[in-house]
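Comments concern the structure below.
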Amino acid sequence: MDIQKPLFKTNEALIEEVKLGSRTSFEVLYERHKHSIFNYLYRLLGRKELAEDCTQEVFIRVYEKAKLYSPTSKFSSWLYKMAKNSALDALRKNKVRKAASLDDPIESEEGSAVLSDFVESREKDPRSISASSELADWVRCGIAKLPETDRQILILCDIQQLSHKEVGEILGYSAETVTVKLYRARQRLGEILKIEGD
């Protein structure tokens, strides 16, 4: 008999219990992943309300389609694949293709990278913090101008910090292809930022 509390179980163990109808295990999965899924969707869609709706939709699908989860893949890959599909559906329906509002902060959680992590200031005086925030906004706008695949790869690898293997499972590529596409996406982002900077 497994007496381990749901809070300390792996995602894979929890989803197996959800398959058997455990609402408690589902709630633990939801609490564990809702912020990272919202952040991913918000960065892709650029609208807070739409990202919130899609996040709810993703977790409804998780509950309804739990029986389709295969233990051969990582739960997080399966979850992000659902989120990606939800975002693509929303983009098609709403024709949303704009950057996230710079005035609307992205929710953060412990262990989840945010864009400003890439431009951490060495000094903590107000001028450097202000410059760091402006730089983060500039990079965020640059990412929004990238093609869909480049944006997804950059967000999943550099911001959500998933492994190349996981990103490959989500987007349908090999880990090696993700490495190449990530390199090219970073190059394109660099070109956009250079043009914008000029």
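Only one of Glu148, Glu109 is within 16 Å of Tyr40 (Cβ to Cβ) and either aromatic (Phe, Trp, Tyr) or modelled with pLDDT of 85 or more (or both); which? Exactly one residue qualifies, and that residue is Glu148. With the condition kept exactly as written, say whether any residue in region 45-58 is assigned to a loop (DSSP other than H, G, I, E, B), within 21 Å of Ala144 (Cβ to Cβ) and not assigned by TED's automatic domain parsing to the domain that holds Leu171. Scanning region 45-58, I find at least one residue that is assigned to a loop (DSSP other than H, G, I, E, B), within 21 Å of Ala144 (Cβ to Cβ) and not assigned by TED's automatic domain parsing to the domain that holds Leu171, so the answer is yes. Of these, Tyr63, Tyr42, Tyr80, which one is aromatic (Phe, Trp, Tyr), over 27 Å from Asp150 (Cα atoms) and part of a helix (DSSP H, G or I)? Just a single option satisfies the conditions, and that option is Tyr63. Taking the conditions (1) farther than 22 Å from Leu154 by Cβ; (2) surrounded by fewer than 20 Cβ atoms within 10 Å (Cβ to Cβ); (3) at pLDDT 95 or above in turn, Leu29 satisfies each one other than (2). If you go through region 32-80 and keep only what is surrounded by fewer than 17 Cβ atoms within 10 Å (Cβ to Cβ) and aliphatic (A, V, I, L, M), you end up with Ile60, Leu68. With respect to (1) outside any helix (DSSP H, G or I); (2) within 30 Å of Cys141 (Cβ to Cβ), the lone exception for Ser73 is condition (2).
Selection of first residues in region 158-175 that are under 14 Å from Asn85 (Cα atoms) and of second residues that are surrounded by fewer than 21 Cβ atoms within 10 Å (Cβ to Cβ) and among the polar types (S, T, N, Q), restricted to Cβ pairs under 8 Å at least 6 apart or on distinct chains, gives the following pairs, ordered by first then second residue: Glu169/Ser73; Glu169/Ser77; Ile170/Ser77; Leu171/Thr149.
Of the residues making up region 162-198, those that are within 15 Å of Leu79 (Cα to Cα) and assigned to a loop (DSSP other than H, G, I, E, B) are Leu162, Ser163, Gly172. State whether one or more residues within region 134-143 are out of contact with any Asp or Glu (no Cβ under 8 Å at 6 or more places or on another chain), over 27 Å from Ala83 (Cα atoms) and modelled with pLDDT under 90. Yes, some residue in region 134-143 is out of contact with any Asp or Glu (no Cβ under 8 Å at 6 or more places or on another chain), over 27 Å from Ala83 (Cα atoms) and modelled with pLDDT under 90.
Here the condition is being free of Cβ contacts under 8 Å to residues at least 40 places away in the same chain and of a type in the set (Val, Ile, Thr); of Ile15, Ile60, it holds for Ile60 alone.
The values are calculated or read from the model by the stated rules, or taken from the named source; none is laboratory data. In this text, all values refer to a predicted model and were calculated from it rather than measured experimentally. Cβ coordinates were reconstructed from backbone atoms using ideal geometry, including for glycine residues, and neighbour counts include every protein chain displayed.
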